[in-house]
Amino acid sequence: MPPAPDLVERLERHGQTELLDHWDKLDLATQRSFEAELRAIDFHLVDQLKETLVFADPAIDSIDSVRPVEVSRLPRTDRERVAHRLASEVGEAILAEGQAAVVMVAGGQGTRLGFNGPKGTYPIGPVSASSLFQIHAEKVLALSRRYGKTIPLYVMTSPENHAETELFFESNNRFGLSHLRLFVQGRMPAVDRETGKILLDGPGRVAMSPDGHGGTLTALAQPGVDGGLSCLEEMKELGVQTLFYFQVDNPMVRIADPTFLGLHREASAEVSFKVVEKLKPDEKVGVVVEVDGRPQVIEYSDLPPALAELREPEGSLQLWAGSIAIHIFERSFIERVVQQSQLPFHRAFKKVPYLNQDGQRIEPTEPNAVKFERFIFDALPLAERYAVVETDRILEFEPLKNATGADSPASVRQRMSDLFAGWLEAAGARVVRRSDGTVPFGIEISPLFALDGAELRSKLPAGLVVEQPLHLR
């Protein structure tokens, strides 16, 4: 069956007729699925991105007016500690009134970890080998029980891992969650970096890639299955006003942290970011700054060394507020962004296998393609009001990214064990430690046993000595 004339005309208009080179070799079912995939591509958008990101270097904002952003620092005085306690009460009221939902971004695979499966299924518990998904889900369940209101969990997957993620949650009885919804992020075609031609991954299959964590906002607004309510529409029906956002690879995150929620609400913010103090100028985290008086995140790769190394008179970094992908968004803000504007795309040069005109699959040895991605932090300059809040990286930031070394399973399990050891000691237990202060064995406390150190104190037996692996659940 020949391709539909209007489809051929559309591809000719956008200079992409090579996509049909292998059409006659496809069976009827593959032709139909391939046609549907081609019709779903926004070729006008691809043309725009080719002109701005493939055939030209993207415009770089002036950095002459970069200034440190105002940050709510960790409390250091009694007055500041009281202010944080009051903010926490505001956040607890948000949770108790059912005004908050949780959004977890989990579209990645465990490839860099040498793990075959969605990253969220990686077994990271120091003793139990609980998955990232289980740890996060149990935090949400524990919060729901504490505040007497169901906190909905929305999990963004990718087309590549959606089915496997869905099966994982269902086979584990959704970890007891009463409101769990998975939604799929969007995709963009990869294009050849020299010609701008859309690449084929195989016969009848376009080389597609996820549109980045910035695609979360658009994906939340997409209709549900069979044209049902979008996630945003469902949230509105549930009375949810505020969304807590984080990425699956950080098991340390304080999900829906009441203090963070309260500081966000007290500032009447539309968007809020958590940040940590950068350890060194070249640390690979973006920095939250002000540019021409507006908040903005500059990726570490785009921050000139001269700026990254600026220091205050006492020696601390001037641009120190490292973004750790923990955010709060007002639902109304997301609705406005997806209706009135979209986050910009960025380019990434990647090695993308492709099918050439002779039907041979080519495995490039150098970056041959451009992928288009949106970044969630580009929402920050669009907010009319915002808040930036500091957190302690020792307590809340240890992402799982690498197979060995920093940000690896070993470092994450050690950080988790050390955190739980601190909870135990604050509750009166004695924990054996190494000379450097770390614990020499795994310690794990399920969120369903104790969500924080304060809750643990009410459950711990007197005189406990911990000198071997411990799992409280």
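From Gln222, Gln185, which residue is among the polar types (S, T, N, Q), surrounded by fewer than 23 Cβ atoms within 10 Å (Cβ to Cβ) and under 19 Å from the mean Cα position of the chain (by Cα)? Talk me through it step by step, then tell me what you get.
On the way: Gln185 fails: surrounded by fewer than 23 Cβ atoms within 10 Å (Cβ to Cβ).
From the options Gln222, Gln185, the qualifying one is Gln222.
If I go through the range 32-56 residue by residue, how many of them are more than 22 Å from Gln357 (Cβ to Cβ) and either within 27 Å of the chain's Cα centre (by Cα) or surrounded by 17 or more Cβ atoms within 10 Å (Cβ to Cβ) (or both)?
The initial filter retains those residues of the range 32-56 that are more than 22 Å from Gln357 (Cβ to Cβ), namely 32, 36, 39-40, 42, 44-45, 48-49, 51-53, 56.
Checking which are either within 27 Å of the chain's Cα centre (by Cα) or surrounded by 17 or more Cβ atoms within 10 Å (Cβ to Cβ) (or both) leaves us with 40, 42, 45, 48-49, 52-53.
Qualifying residue count, the range 32-56: 7.
Pairs, please: C-beta under 9 Å, at least 6 apart or cross-chain, first residue under 15 Å from Val69 (Cβ atoms) and in the range 306-319, second among the charged types (D, E, K, R) and part of a strand (DSSP E or B)?
Filtered contacts from the range 306-319: Ser316/Glu277; Leu317/Glu277; Leu317/Arg311; Gln318/Arg67; Gln318/Arg311; Leu319/Arg67.
Is it true that some residue in the range 356-365 is in contact with a His (Cβ under 7 Å, 6 or more places away or on another chain), within 30 Å of Glu18 (Cα to Cα) and not polar (S, T, N, Q)? Show your work before the answer.
If we filter the range 356-365 for residues that are in contact with a His (Cβ under 7 Å, 6 or more places away or on another chain), which is where we start, we get 359.
With within 30 Å of Glu18 (Cα to Cα) added as a condition, the list becomes 359.
Checking the rest, the ones that are also not polar (S, T, N, Q) come to 359.
Checking the range 356-365: at least one residue is in contact with a His (Cβ under 7 Å, 6 or more places away or on another chain), within 30 Å of Glu18 (Cα to Cα) and not polar (S, T, N, Q).
For (1) free of Cβ contacts under 8 Å to residues at least 12 places away in the same chain; (2) in contact with a helix residue (DSSP H, G or I) (Cβ under 8 Å, 6 or more places away or on another chain); (3) in a helix (DSSP H, G or I), each residue gets a yes or a no:
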residue	(1), (2), (3)
Asn402	no, yes, no
Gly405	yes, yes, no
Gln414	no, no, yes
Ser417	no, no, yes
Leu424	no, yes, yes
Arg433	no, yes, no
Phe441	no, yes, no
Leu448	no, yes, no
Ala454	yes, no, yes
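Could you please let me know if Ala29 is surrounded by fewer than 16 Cβ atoms within 10 Å (Cβ to Cβ), in a loop (DSSP other than H, G, I, E, B), outside the structural domain of Pro189 (by TED's automatic domain parsing) and without any contact (Cβ under 8 Å) to a residue 24 or more places away in the chain? Lay out the reasoning, then the answer.
Working: surrounded by fewer than 16 Cβ atoms within 10 Å (Cβ to Cβ): yes; in a loop (DSSP other than H, G, I, E, B): no; outside the structural domain of Pro189 (by TED's automatic domain parsing): yes; without any contact (Cβ under 8 Å) to a residue 24 or more places away in the chain: yes.
No, not satisfied.
Run down Tyr386, Tyr354 and say which single residue is modelled with pLDDT of 95 or more, within 27 Å of Ile324 (Cβ to Cβ), among the aromatic types (Phe, Trp, Tyr) and surrounded by 15 or more Cβ atoms within 10 Å (Cβ to Cβ).
Details: Tyr354 fails: within 27 Å of Ile324 (Cβ to Cβ).
Of the residues listed, the single one that is modelled with pLDDT of 95 or more, within 27 Å of Ile324 (Cβ to Cβ), among the aromatic types (Phe, Trp, Tyr) and surrounded by 15 or more Cβ atoms within 10 Å (Cβ to Cβ) is Tyr386.
Of everything in the range 357-377, what is among the hydrophobic types (A, V, I, L, M, F, W, C) and either part of a strand (DSSP E or B) or crowded, with 21+ Cβ neighbours inside 10 Å (or both)? Give them in sequence order. Let's see the steps before the verdict.
Of the range 357-377, the ones among the hydrophobic types (A, V, I, L, M, F, W, C) are 362, 369-370, 372, 375-377.
Ile362, Ala369, Val370, Phe372, Ile376, Phe377 - these are the residues of the range 357-377 that are among the hydrophobic types (A, V, I, L, M, F, W, C) and either part of a strand (DSSP E or B) or crowded, with 21+ Cβ neighbours inside 10 Å (or both).
For the subset of the range 304-352 comprising residues that are in a strand (DSSP E or B) and of a type outside the set (A, V, I, L, M, F, W, C), which member is farthest from the chain's Cα centre (by Cα)?
Kept after step one, since they are in a strand (DSSP E or B), are these residues of the range 304-352: 311, 317, 321-330, 345-350.
From the residues that got through so far, the ones that are of a type outside the set (A, V, I, L, M, F, W, C) too are 311, 322-323, 327, 330, 346-347, 350.
On the way: Arg311: 30, Gly322: 15, Ser323: 12, His327: 9, Glu330: 17, His346: 16, Arg347: 18, Lys350: 20 Å.
Taking the candidates together, the pick is Arg311.
Closer than 28 Å to Leu167 by Cα, more than 24 Å from the chain's Cα centre (by Cα), not hydroxyl-bearing (Ser, Thr, Tyr) and not in a helix (DSSP H, G or I): does that describe Val102?
Judged against the criteria, Val102 is not a match.
Residue-by-condition table, conditions (1) surrounded by fewer than 19 Cβ atoms within 10 Å (Cβ to Cβ); (2) more than 22 Å from Arg254 (Cα to Cα); (3) in contact with a Gly (Cβ under 6 Å, 6 or more places away or on another chain):
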site	(1), (2), (3)
Leu382	yes, yes, no
Leu395	yes, no, no
Ala410	yes, no, no
Arg413	no, no, no
Trp423	no, no, yes
Val432	yes, yes, no
Phe449	yes, no, no
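Being modelled with pLDDT of 95 or more and in contact with a Leu (Cβ under 6 Å, 6 or more places away or on another chain): is that true of Gly120 here?
On the way: modelled with pLDDT of 95 or more: yes; in contact with a Leu (Cβ under 6 Å, 6 or more places away or on another chain): yes.
So Gly120 passes the test.
Identify all residues within the range 185-206 that are free of Cβ contacts under 8 Å to residues at least 60 places away in the same chain and either closer than 14 Å to Gly107 by Cβ or not assigned by TED's automatic domain parsing to the domain that holds Leu238 (or both); write none if there are none.
Within the range 185-206, Gly186, Arg187 qualify.
Please go through (1) more than 30 Å from Pro367 (Cβ to Cβ); (2) more than 23 Å from the chain's Cα centre (by Cα) for Tyr154 and return the number of the only condition it doesn't satisfy.
(2)
Could you run through the range 67-92 and say how many residues are free of Cβ contacts under 8 Å to residues at least 12 places away in the same chain and among the hydrophobic types (A, V, I, L, M, F, W, C)?
2
Among the residues of the range 134-163, which ones are of a type in the set (Asp, Glu) and either modelled with pLDDT under 95 or surrounded by fewer than 16 Cβ atoms within 10 Å (Cβ to Cβ) (or both)? Spell out how you get there, then give the answer.
Step one: filter the range 134-163 for residues of a type in the set (Asp, Glu), giving 138, 160.
The answer is Glu160, and nothing else.
Filter the range 295-348 down to residues that are basic (Lys, Arg) and more than 28 Å from Thr259 (Cβ to Cβ) and give me whichever is surrounded by the most Cβ atoms within 10 Å (Cβ to Cβ).
Of all residues in the range 295-348, those basic (Lys, Arg) come to 311, 331, 336, 347.
Retained after the next criterion (residues that are more than 28 Å from Thr259 (Cβ to Cβ)): 311, 347.
Numbers: Arg311: 12, Arg347: 17.
My answer is Arg347.
Has the range 276-290 got any residue that is within 24 Å of Leu217 (Cα to Cα), surrounded by fewer than 20 Cβ atoms within 10 Å (Cβ to Cβ) and touching a residue at least 40 places away in the same chain (Cβ under 8 Å)?
Yes, the range 276-290 has at least one match.
The values are calculated or read from the model by the stated rules, or taken from the named source; none is laboratory data. Just so it is clear, the model here is predicted, and its values are computed rather than measured. Every residue, glycine among them, receives a Cβ derived from its backbone with ideal geometry; neighbour counts consider all protein chains shown.
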